[in-house]
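Below you'll find the structure, written out as structure tokens, and then a few comments.
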Amino acid sequence: MKRVNLLLAFLFIMGMFVVHAQTTISGTVLDDNGEAVPGANIRVKGYSDVGTISDLNGAYTLSVPAEATTLVFSFVGMQTQEVEISGQTTINVTLQNEDVGLEEVVVTAFGIEREKKALGYSVGVVDNEGLSQKPEVDFAASLSGKVAGVDIVKNSGAIGAGSSITIRGSSSINTSNQPLFVVDGVPFDAGSNQLGLFSSGGGNTNMNPSRFLDIDPNNIESVSVLKGLSAASLYGEQGRNGVILITTKTGSKKKSKGMVISVNQSFYMNQVAQLPEYQNSYGQGGDNVTNVGYAGNWGAPFSDNLMVRHHYDQGRFATVFPEYQDLDVPYEPFENNVADFFRKGYGSNTYLNIASGFENGNVNFSAGYTDEDGYIPANNIKKFNAGLGTNFTSGKFHFSSNMNFANTKYKTPPMAARNAANAVTIMERLLYIPRNLDLTGLPYQNPFDGSSVYYRTDQENPYWLVDNSSNSNNTDRFYGNVNATYDILDILSVSYKIGLDTYTDNERYHINKGGVSSVYADNGYFREMMHKNVIFNQDLLFSLDNVKITEDIDISAVAGLQIRSERYTRGGLASTGQVVFDVLQHDNFLAAANVDPLTGSAIDRLAEKNLIGVYGQATLDFRDYVYLSLTGRNDWGSTVEKENRSLFYPSASLAFVPTSAFENLQSKYLNFMKIRFAYATSAGYPGVYSTRSSYVLTPQAFDGGGGPDPSIAASAFLGNPNLRPELHKEFEIGFEGNFVENRISLEATYYNKISEDQILDKRLDPSTGYRVTSINLGRVDAYGVEVNLGITPVRNDKVVWTINNIFSMHRSKVIDTGGDRIMFAGFTNEGNFAIEGEPLGVIVGNYSVRDSVTGSLLINATDGHTISSDDLGYDTEICGDPEPDFKYNMINSVSFMGFTLYAQIDYTHGGDIASNTVATLLRRGVTKDTEDREGTYIIPGVLANPNSGEILLDAQGNPIQNNIQIGLNNVHFLNMNDETSGSIYDATVIRLREIALTYTLPKSVVSKIGFGSLAFTVSGQNLWYNAPNIPEYTNFDPETSSTGVGNGRGLEYNSPPSAKKIGFAIKATF
């Protein structure tokens, strides 16, 4: 019996051993270069709780159940590999980098990574290499031309100038068309904090930088652009204009192989891209008669060898500059008098990144410093960035955090849009000063009182403005997030992310007394404001991953809750009447108020917005070739009344991959094909204080005599409690394909968008006590085409040549405005308008009147000039359309023996621009376009009465053709160039956007000197452009807008010329 018991005990113990027997397997994980892959995941297939991670040397050891059959090896950015155990105790694997194409993974809404082939909508992707080819302080400029459907227009060529970004054109008339920026999963404010409207004193708004200037382009790992409503549907109303998702290096989950130190150092130079080609044959005056008091250059030829009075031979300068009195000087050109005003601005950028991977995670630290001068004197940016990111995994818990700090200091002399109310600008007449004016060699400041000294009394000397007026911003910003994820099951996880984006922007704008262009310039003006913005964002997200419903169908799903609050505060003081010159203290001014006299806007402001959204998305995968995604989101927004706050947006997309569905379809010539469809809806909530009337409190007003005079008054805006969000609907269809062994790739998209219930301003009868209210009225329809064609003409062991062709076309049409013409950018008599039946944003202004039957110009019978619509009291009319016919960008990259040549050429076809610069260069006669002026000219047209517009007829009753001869002076000056119609030009332009040559040393060389990699780059930006339909010698670059960051397009009012940049960079890793 005892033997039986011993036998049973032995069998029981052996049985238990068999049940719990395990095998220990070890090995090394390498990449395709033979280097260790630390942090690779190794798990046992079918056992969610059995796994490990490779160490810094790529080594691993794992105890696996005896019955286990397969190990699964995976690492971000590499192909997952499954290996049969088959009794092995040592398993070494080499993971291959994921090929772009069928298995390409892209970042979508809320940072969710999905296979691109499964998407039913278009997503544009730009990696770090596409952004780092040039030394650029402005992230937006780095993105220009790289994604179909994305349009970026800078306000000017000054460094730090704001940029307007639109994705798939503009669809809203009055509300913002700028996309949502999301940095490492957290909404990021990219506004410009401009004060006042462009047309009512805010003409200096184009001096304010966009706040995405705080992002360091060096620290960007990748950018995903969610272009359509379907792609951005999980973001709800925030994503209605598209979403730009930025993943930083510190926020990336990409694990480094051990410790990697990267250092980038660049040096560069900013210059004016092109100045007009000036004529140096004629000087100041009119009708070939010299007059050194004129602004125009229609005087006598320099070849006459005249002597003229000195520009400062004026009675007002007799005491200050007696040496110039009764002084005659040679009448001669100063050929570089404009060019010498500008400078070569030098800049440098230093960037450090330290990434360290360890067994369960990684740490990434980055720091960068930029110091850059623009080509305009006193235009400078100093920027410091620092970031720290961590990722850590412990069992089923995953933790990540990313913290970023930025300090940006920006300064510029005044560069306001000309003609805006109270505008002050160094560009006033600068590009068309008289050819015989020695601007650089003359005094510009009164040595006794500091006032401006210039030959004209209606504008300041631009050198004086550089020294005595400026706009500056000093911004401290913190943004970051903390994220925790728990794997409830192998297929189910829950994550919570809390994010914060906050900044304080201290802005100063001043002009010392002694100017002349306005009462504020004459007496002195000083404004200080502090902007503080806080975005607090929380996301709770449940994720279900690849659950098999049937043998053929898998489902993946997400469901989440988002809570976002945004608080913006602004405070400050504006002072006028400077007492002591150049002392910028508010107690040195006679009057101060918190209502800005320059713009008429209240400085103090508080705006709070709250948004709660619940959302869900389910994706059904049928046999890896049909993907159906259904999405829904419900938002509750705080900027409308309670009954209108809740809004639900459904969307759906379908992707079908025929090359996976039909076994014999895929071939050497057809490698991949996908057809996709999407439909989505979204909305746009109104701004704060739109539904309720308010009061304006002015507690710090001064009466100028005895002290403070507080006041309170009803706002001129009548709140509308019935106001609802705008509604947007979009349908999208697309095709994607790879051909000829993946040497050719094609992605084409057509979209159609309807935007209705537009939020518009309605003028009210003054008897109501209010001037304006907001209503829901109006509809704008739009459609467009986007094409990406990638070609690899050469691909072998020595040479790789790729060409990426990007095509975009957008059309819009205003369907309903209630019959009104709505101006939303520019001036009431010249601006962008919404007019029924016309494209959104057509340029409206005055014009030279034409015969309604023949189209002939009406010519003033008394002087041979054209007759203006203003002369006859006619209403303004449509003069142009700024929307281009299409845009085409070609990006070439050629790699050979360590050298890589990168070049981007951009072409914009069509679209109109109303350019004050071009029109005035011609009006003033300073460019070679007007050099041939000895003859007389007859403007084609018919004679008419200048008072009535009635066409004059001959004895036979026929219109009398114009036969009045005038000089070229009169053709351009105070004639047809003065009307909006005479300043409209076709904005077609071709440019060399970027070119860069990089040499990367071979690993066999750099390893011997202690480097992991070492590369040198010489680059250039905007080195050449040509606008063939704009007067040749003006050399004008039409890629600009003077109306600040917003919805304005095609309006240019003496903006600083565009810039070009030449740089040298070194990139090294250790």
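Side notes on the structure shown:
- Checking the stated criteria, Thr24 turns out not to satisfy the condition of being assigned to a strand (DSSP E or B), surrounded by 12 or more Cβ atoms within 10 Å (Cβ to Cβ) and modelled with pLDDT of 75 or more.
- For the range 542-558, the candidate set comprises residues that are of a type outside the set (Asp, Glu) and outside any strand (DSSP E or B); within that set, the residue that is nearest to Phe110 (Cα to Cα) is Ile549.
- Annotation note: of Gly982, Gly949, the sole residue that is in a loop (DSSP other than H, G, I, E, B) and either out of contact with any Asp or Glu (no Cβ under 7 Å at 6 or more places or on another chain) or of a type in the set (Asp, Glu) (or both) is Gly949.
- Looking only at the range 945-969, residues that are of a type in the set (A, V, I, L, M), more than 11 Å from His865 (Cα to Cα) and either touching a strand residue (DSSP E or B) at 6+ places or on another chain (Cβ under 7 Å) or surrounded by 14 or more Cβ atoms within 10 Å (Cβ to Cβ) (or both) come to 5 in all.
- Extreme residue, surrounded by the fewest Cβ atoms within 10 Å (Cβ to Cβ), among residues of the range 545-556 that are of a type in the set (A, V, I, L, M, F, W, C) and modelled with pLDDT under 95: Ile549
- Restricted to the range 712-760, and to residues there that are among the β-branched types (Val, Ile, Thr) and at pLDDT 95 or above, the residue that is farthest from Ser170 (Cα to Cα) is Ile744.
- Meets criteria (surrounded by fewer than 18 Cβ atoms within 10 Å (Cβ to Cβ) and under 17 Å from Gly687 (Cα atoms)) for Ala591: no
- Condition met for Ser848 (surrounded by 21 or more Cβ atoms within 10 Å (Cβ to Cβ), closer than 21 Å to Tyr985 by Cα and at pLDDT 95 or above): yes
- The residues in the range 906-944 that are of a type in the set (Val, Ile, Thr), buried (at least 17 other Cβ atoms within 10 Å of the Cβ) and out of contact with any Lys or Arg (no Cβ under 7 Å at 6 or more places or on another chain) can be counted, and the count is 8.
- Selected residue (only one of Leu541, Leu500 is under 23 Å from Thr248 (Cα atoms), crowded, with 21+ Cβ neighbours inside 10 Å and of a type in the set (A, V, I, L, M, F, W, C)): Leu541
- Tally, over the range 520-538, of residues that are surrounded by fewer than 20 Cβ atoms within 10 Å (Cβ to Cβ) and touching a residue at least 12 places away in the same chain (Cβ under 8 Å): 7
- Residue in the range 679-691 that is within 21 Å of Ser233 (Cβ to Cβ), hydrophobic (A, V, I, L, M, F, W, C) and under 28 Å from the mean Cα position of the chain (by Cα) present: yes
- Filter result for Thr475 (surrounded by 15 or more Cβ atoms within 10 Å (Cβ to Cβ), β-branched (Val, Ile, Thr), over 30 Å from Phe397 (Cβ atoms) and in contact with a strand residue (DSSP E or B) (Cβ under 8 Å, 6 or more places away or on another chain)): yes
- From Pro721, Pro725, Pro766, residue being more than 26 Å from Ala148 (Cβ to Cβ) and touching a Ser or Thr at 6+ places or on another chain (Cβ under 7 Å): Pro721
- The strands (runs of 3 or more DSSP E) found entirely in the range 730-781 include none that carry 2 or more residues being buried (at least 21 other Cβ atoms within 10 Å of the Cβ), more than 27 Å from the chain's Cα centre (by Cα) and free of Cβ contacts under 8 Å to residues at least 40 places away in the same chain.
- Take the conditions (1) surrounded by 18 or more Cβ atoms within 10 Å (Cβ to Cβ); (2) within 19 Å of Ala118 (Cα to Cα); Val640 misses just one of them, which is (2).
- In the range 339-363, the residues that are touching a residue at least 24 places away in the same chain (Cβ under 8 Å) and among the basic types (Lys, Arg) form Cβ pairs under 8 Å with partners that are buried (at least 17 other Cβ atoms within 10 Å of the Cβ) and not in a strand (DSSP E or B), at six or more places apart or across chains, as follows: Arg343/Tyr375; Arg343/Ile376; Arg343/Pro377; Lys344/Tyr375.
- All strands (runs of 3 or more DSSP E) inside the range 353-436 with 2 or more residues being under 22 Å from Ser1041 (Cα atoms): 380-394, 397-412
- Hits in the range 563-588 (condition: buried (at least 19 other Cβ atoms within 10 Å of the Cβ), more than 18 Å from Glu507 (Cα to Cα) and under 33 Å from the mean Cα position of the chain (by Cα)): Arg564, Glu566
- Residue match in the range 227-247 (condition: buried (at least 21 other Cβ atoms within 10 Å of the Cβ), farther than 30 Å from Arg645 by Cβ and in contact with a Gly (Cβ under 8 Å, 6 or more places away or on another chain)): yes
- Close pairs (7 angstrom Cβ cut-off, 6 or more residues apart or separate chains): closer than 21 Å to Pro686 by Cβ in the range 219-237, part of a helix (DSSP H, G or I) and modelled with pLDDT under 90 anywhere: Ala232/Ala109; Tyr235/Ala109
- Strands (runs of 3 or more DSSP E) wholly inside the range 123-188 that include at least 3 residues being within 13 Å of the chain's Cα centre (by Cα): 150-154, 163-167
- Checklist (1) hydrophobic (A, V, I, L, M, F, W, C); (2) in a loop (DSSP other than H, G, I, E, B); (3) modelled with pLDDT of 95 or more applied to Val1018, failing item: (2)
- Residue in the range 196-214 that is at pLDDT 90 or above, in a helix (DSSP H, G or I) and surrounded by 24 or more Cβ atoms within 10 Å (Cβ to Cβ) present: yes
- Subset of the range 929-945 [within 46 Å of the chain's Cα centre (by Cα), of a type outside the set (A, V, I, L, M, F, W, C) and part of a loop (DSSP other than H, G, I, E, B)]: Glu931, Asp932, Arg933, Pro940, Gly941
- Scanning the range 38-89 for residues that are touching a residue at least 60 places away in the same chain (Cβ under 8 Å) and either farther than 17 Å from Glu359 by Cα or of a type in the set (Phe, Trp, Tyr) (or both) yields Ser48, Phe75, Gly77, Ile85, Gln88, Thr89.
The values are calculated or read from the model by the stated rules, or taken from the named source; none is laboratory data. Predicted model, so just to flag it, every value in this text is computed and none were measured. Ideal geometry is used to build each Cβ from the backbone, glycine not excepted, and the neighbour counts take in all protein chains shown.
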